[in-house]
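Coordinate-derived values only; no laboratory data. Computed from a predicted model, the values in this text were never measured in an experiment. Cβ sites come from the backbone with ideal geometry, for glycine too, and all protein chains shown count toward neighbours.
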Amino acid sequence: MTDPLLTLRPWTAPEVTSWGRLPMNAVDRRTGAHSLDGDWRFQLLSAPDAPVGGAWSTAAVPGVWTMQNTDDPLRSTVDLPQYLNIRMPYTEFPPLSPVDDNPTGVYEREIDVPADWTGRRIVLQVGAAESVLLVHVDGRPVGVSKDSHLAADFDLSDVVRPGGRHTLRLTVVKWSDASHIEDQDHWWHGGITRSVLLYTTDPLHLADVTVRASRDGELRVDCRVRDTGGALPEGWYVSGELDGLELTQDTGFDRANAEDERVSAFLGEARMQTRVPEVRAWTAETPELYGLTVRLHHADGGVADSSRHRVGFRDVEIVGRDLLVNGERIYIRGVNRHDFHPLTGRTVSYDDMRADLVLLKRFGFNAIRTAHYPNDPTLYDLADELGFYVVDEADIESHDHAHEIADDPRYLNAFVDRVSRMVLRDKNHPSVIIWSLGNESDYGANHDAAAGWVRRHDATRPLQYEGAAKRGWADPDLASDIACPMYAPLEDCVAHALSGEQTKPLIQCEYSHAMGNSNGTLADHWAAIEATPGLQGGFIWEFWDHGILQSVNDGRPVGRGGAGLYDNGVTAPGYRWAYGGDFGEKDHDGAFIADGVVFPDRTPKPVMFEHRELAAPVRLELFRHEGLVVANHQHFRGLQWLAGEWRLALADGRTLTAPAELPSLLPGETAVVPLPLALPEDGGEAWLTLRVTTAEDLAWAPRGTEVCAPQVLLRAAVPAEELPVPGTVEVDADGLLVHPLLTAGPVLSLWRAPTDNDELGGMALRWRTWGLDALVRKVVSVRRDGDAVTVLAEYAGTTGVVRHRQVFTPVEGGIRVDELAELPEEFDDVARVGTVFETVAGLDRLEWFGQGPWESYPDRSGGAPVGHHTLAVDELFTPYLRPQESGGRHGVRRFVLSGPDAPGLVVTPDEPRQVSVTRYRADDLAAAAHHDELVPRAGCVVHVDAAHRGLGTASCGPDTFPSYLVAPGVHRWSWTLRAL
């Protein structure tokens, strides 16, 4: 018998977005539904029209088959995760997809339909399937759905029998015409990625519920009602209550419908309303929610259907060039987020999503862009509850063929379908404040059509689309109410805001790229944003490093059984974080998938601490050396939810503490408070920190969780001269310092293991071209002047010669090293200028006075307060997925290397310097593709830099600023070396 769904070949027809699929709506059917999650029978076919036969394996639902170790031979040989950013994984042009090499998963299981469902409507919901879903029951075709990131509901009432057992088959075609508009920057997978449910309703049911709740307490609830029998029965009505407050019928709405002849026997509409006195408004800072229950009644009063919602009262509007929430101009401190997990790919649990948002909340983020598709529905529930502003983005990205598809009428229906279904599903969430038409799909008539639908259906939220905004940030005729560029240079943003031509809020949809050791100049961006009316923030790219846990032995994804094989960003021996190319794919984009602010196990990268301080709700400034200005930097609430403690760090090693009572401040207010601690006359340099924590248990943080730690300098350091003393300095025949705690004497270093930004931004290529990675050292002279030794050397690259002078002078208890390096003009942008040496084994602990404890660099140091810090040497290194320069600490005044079985080593730079202490040379890191290839050295590799290049974000976006570059010319620095 011919299968009509296979005959239709919907995977080749962009005009076909669905068949037999029910309309999307905002009625949540998860409560009370029968879950069909679990192990299903599974076969992987080579193409959608290949015959089903042979042995069945099993596959977990929800889940992607690309991450599961099934016994299917095709699964085990060819269909593994693949990462591409822009290019499609096949050469066919839209709307075509591979004919003979199109993995197709066939899922089967039996379903038992409860006998008491007799006479009721029975519906199957497939939460998400990538990319085309075909549904059969007992071999009978039921429906088709496209859109890999939204649910598809199918009415099974006519094909199943209450009390009976039936065979449900879900066929998922991996490649299709739809794949060309799902060309997002993440792993390609295949499978059923969200839960599968079976639920039932009365034939008379709520077809949709639309909630409108404004900050003044006005609530309006619109209901759409249908009956599977066609005509609606007489006498039905709706009722509702909000936390015990009964809603009233809007009789004016009913009368207007009748007068306009909108009432029919087919579609029922009703409106209820109420006003909440002294309403508690919803914001990301104050996520106040009310419980709403809507009931649909038969004429006799019996409840036919009900729907529950959590309501947040808030308004969103654009006034001039400002985005306002509840009348207040807000800052968007956002991050882009994919649905991702290192063991399950695109399938995420409630606990996963809650952990994501709790972590973001603790680090000062208040907004999420659902890049680049509607996320799992649970995410929006959690955003409502925990407090996040959400830019909800449609499942549209045609990156490889953007220009062709934007105006292709064959894809018109797909664009409108995807945008409208997203809006219909998520419109009742207060967290959703902006709709997005998708990502990186050029701009054409298909976007305008989708935008028109949104503006008609939901006028309560603005709409954005980067592809339209980049045609003109101020153009009022484009389908974007917000200027939302990607990685626009900061100077361009500021110039636009000051030009007098700005007409829209400027909120970058992506503005700082977190690939590897990155996010330089984040503090500079926020200083400009907060100082420039018209700039309101943006979204960092992105939340996760999308590393997949991989077995090094067989090269396969570990899958669900891998829990416990990683911790703090580090995998267990025999495992690693895989990125593009690690599964044998020929076409891939490498580590570009590893560009998040957290590691694959959700361990925060150092940039998270930088962001936390930039988003601090409490700010601190010194006031005439007599007191402190404390500022409430929030939009909507006071400081009563916070507690504080003062910490005074002195250069002599002492840290003094005192309790802090935060002043009572409304949003935006400041107050002057006296200095909390008397500053000792001795002790040298002094820094005062206000450690701010939660004062009570919150939904996202227990009492005592650190929120921020603003800091001020109370007393600057007084330069101290190290006077020469009689002593002996020993150097070898090559002019290298000989010291019992060093295995390699100090030499000049101009090279760092390239960061991802260095590689993709072109700097690393330039440095290699100059030969900075393999400088040849030549001793020019070694001269003794009394007890001091002066060594002159030249370091030759393939171009240019660097002259270097070291003067070793005995001082009290050690040796002072005075250095000078003269860089030729052609070396106009090097990685660093400084000293590198190596120590004996056994030094495994670092104590330092300077910025920390987190890793920090010249253009990313705002999250590392000055103080006394101690860490194991192995904890100083940051395990970015591709090994690179890491572990640096900025502004170090003094550090001590020690161990239980070795004398300690003390280094004191002449001024705060960039320092790193790791187990790896730069060449060790540069030669490795993954951390399992690294072999730590027994001793420590120590860098003390006179100058260190900023990090920037040049892997995707602007490089660091000129002020953070290392220029040619003369560089001078000095440091002392002592043994404890």
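Quick check for me: using +1 on Lys/Arg Cβ and -1 on Asp/Glu Cβ, what's the dipole size of region 617-715 about its Cα centre, in debye to the nearest 20?
On the way: 8 positive and 12 negative charges, 38 e Å.
Roughly 180 debye, rounded to the nearest 20.
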Please get the size of the charge dipole for the chain, origin at its Cα centre, with Cβ charges of +1 on Lys and Arg and -1 on Asp and Glu, quoted in debye to the nearest 20.
1020
I need the peptides 610-623, 3-16, 265-278 ranked by packing, meaning the mean over residues of other C-beta atoms within 10 angstrom, with the highest value on top.
610-623, 3-16, 265-278
If the convex hull of the alpha-carbon atoms of region 795-952 is projected onto planes in all directions, what is the mean projected area in square nanometres?
10.4
If a paramagnetic tag sat 7 Å from the Cα of residue 847 along the Cα-Cβ line, which residues of region 675-709 would have the backbone N under 13 Å from that point?
none
If we sort 398-408, 154-164 on the protection proxy, mean other Cβ atoms within 10 Å, highest first, what's the order?
398-408, 154-164
Pairs beyond 29 Å (Cα-Cα), from 605/778; 174/504; 146/427
605/778; 174/504
I want the antiparallel fraction of DSSP beta bridges within the chain, as a percent rounded to 5.
90
Pairs of Cα atoms under 8 Å, at least six residues apart: use those to get the relative contact order of region 830-980, whole percent.
31
Say the dipole of the chain comes from +1 at the beta carbon of Lys and Arg and -1 at that of Asp and Glu; which of 961, 868, 511 then lies farthest toward its positive end?
868
Using alpha carbons only, how many degrees (0 to 90, rounded to 10) separate the axis of helix 445-457 from the longest principal axis of the chain?
70
Taking residue 586 as the anchor, which aspartates and glutamates have their alpha carbon closer than 16 Å to its alpha carbon, excluding any fewer than eight residues away along the same chain?
79, 101
State the dimensionless ratio Rg/Rh of the chain (Rg: radius of gyration of Cα atoms; Rh: Kirkwood radius).
1.02
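Which order do 953, 248, 571 fall in if you start with the one that has the fewest other Cβ atoms within 10 Å? Show your work: numbers first, answer last.
Numbers: 953 29, 248 12, 571 25.
So the residues, fewest neighbours to most, are 248, 571, 953.
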With the charge dipole of region 215-311 built from beta-carbon charges (+1 for Lys and Arg, -1 for Asp and Glu) about the Cα centre, the Cα from 248, 311, 229 projecting farthest to the positive end belongs to 311
Check which residues have an amide H placed less than 5 Å from residue 195's amide H, if you skip close sequence neighbours.
127
Counted neighbours (other Cβ, 10 Å), sorted fewest up, put 586, 361, 778 in the order 586, 778, 361
Take every Cα pair under 8 Å in region 293-358 that's 6+ residues apart, average their separations, divide by the length, and report that relative contact order as a whole percent.
14
Please determine, in degrees from 0 to 90 and to the nearest 10, the orientation of helix 522-531 with respect to the longest principal axis defined by the Cα atoms of the chain, where the helix direction is its Cα long axis.
70
Please identify the cysteines of the chain that lack any partner cysteine with a Cβ under 4.7 Å from their own Cβ.
223, 493, 708, 940, 956
Packing-based order for 539-549, 205-215, using average beta carbon neighbours within 10 Å, highest first:
539-549, 205-215
Between the Cα axis of helix 350-362 and the main Cα principal axis of the chain, the angle (0 to 90°, nearest 10) is 50
Over region 808-878: Rg over Rh, Cα atoms, Kirkwood Rh
1.03
Region 503-537 to region 672-744: how many Å between their Cα centroids?
29
Total charge dipole magnitude, region 215-311, about the Cα centre, Cβ charges on Lys, Arg, Asp, Glu only, Debye to nearest 20
240
Dipole of the chain, positive direction: furthest Cα of 904, 239, 566, with charges on the beta-carbon
904
Defining a contact as two alpha carbons under 8 Å apart and six or more residues distant in sequence, what relative contact order in percent does region 617-715 show?
31
Hey, fewest Cβ within 10 Å first, where do 93, 849 land in order?
93, 849
